[in-house]
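Just so it is clear, none of the values below were taken in a lab; they were calculated from the coordinates. For clarity, every value in this text was computed on a predicted model and none was experimentally measured. As a convention, Cβ positions derive from the backbone with ideal geometry for all residues, glycine included, and neighbour counts pool all protein chains shown.
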């Protein structure tokens, strides 16, 4: 059983320091094998985009706007983003790491931003696994087909073992530098009020939740 990690990144992995730095496709994306993979993943990616929109609307809108600007590539220093494989990129996230048959030790992610969710899709033929959020003592079932949204920069997380078969994780993430370079406003925390204001008042009262409008959502729109 082999262990590997491949990264399919929309942007050059080195940090972007200024608004004039170029964003280029990664080597993974430009490989001839990338296009069949992107095409095969497109239907699932659309569903994962919808999950992101439901769980963190602000992040989804900002990521959607950034990817749209990348694909339009109006700036001369973004000309490399016209690559056909980039145009086939259907995720709103700027990067996907494909992790196969690897134990994940407890860690926090260094990229992204504190208020943002990373999207983790469990896949493969394994029978059982558990995703741990070590800082809060949570243990989540992580069988194939499970999606976990977590603030990976804030919460330590791990997957010490799995049972039977092959285990694959598709980790979706967004880089702060990409939004900064494309002049897209970085979203803040997803607030409970975004959801409680559309819930039944009797239900929220029974839960002891206050229905407060999240005014930070006002004005959200796509490019």
Next item on the list: Just need log10 I(q)/I(0) for segment 4-190 at q = 0.08, 0.11, 0.13, 0.15 Å⁻¹, Debye formula, equal scatterers on the alpha-carbon atoms, no solvent, rounded to two decimals.
Entry: -0.25, -0.48, -0.67, -0.90
Next item on the list: Describe numerically, in nm with one decimal, the distance between label points set 7 Å from Cα along Cα→Cβ at residue 30 and at residue 83.
Entry: 0.5 nm
Next item on the list: Quote the FRET efficiency, to the nearest 0.05, computed for residue 197 versus residue 158 with a Förster distance R0 of 35 Å and r equal to the Cβ-Cβ distance.
Entry: 0.50
Next item on the list: Return, ordered by residue number, the residues of segment 121-135 whose backbone nitrogen is under 12 Å from a label point located 7 Å along Cα→Cβ of residue 106.
Entry: 132-135
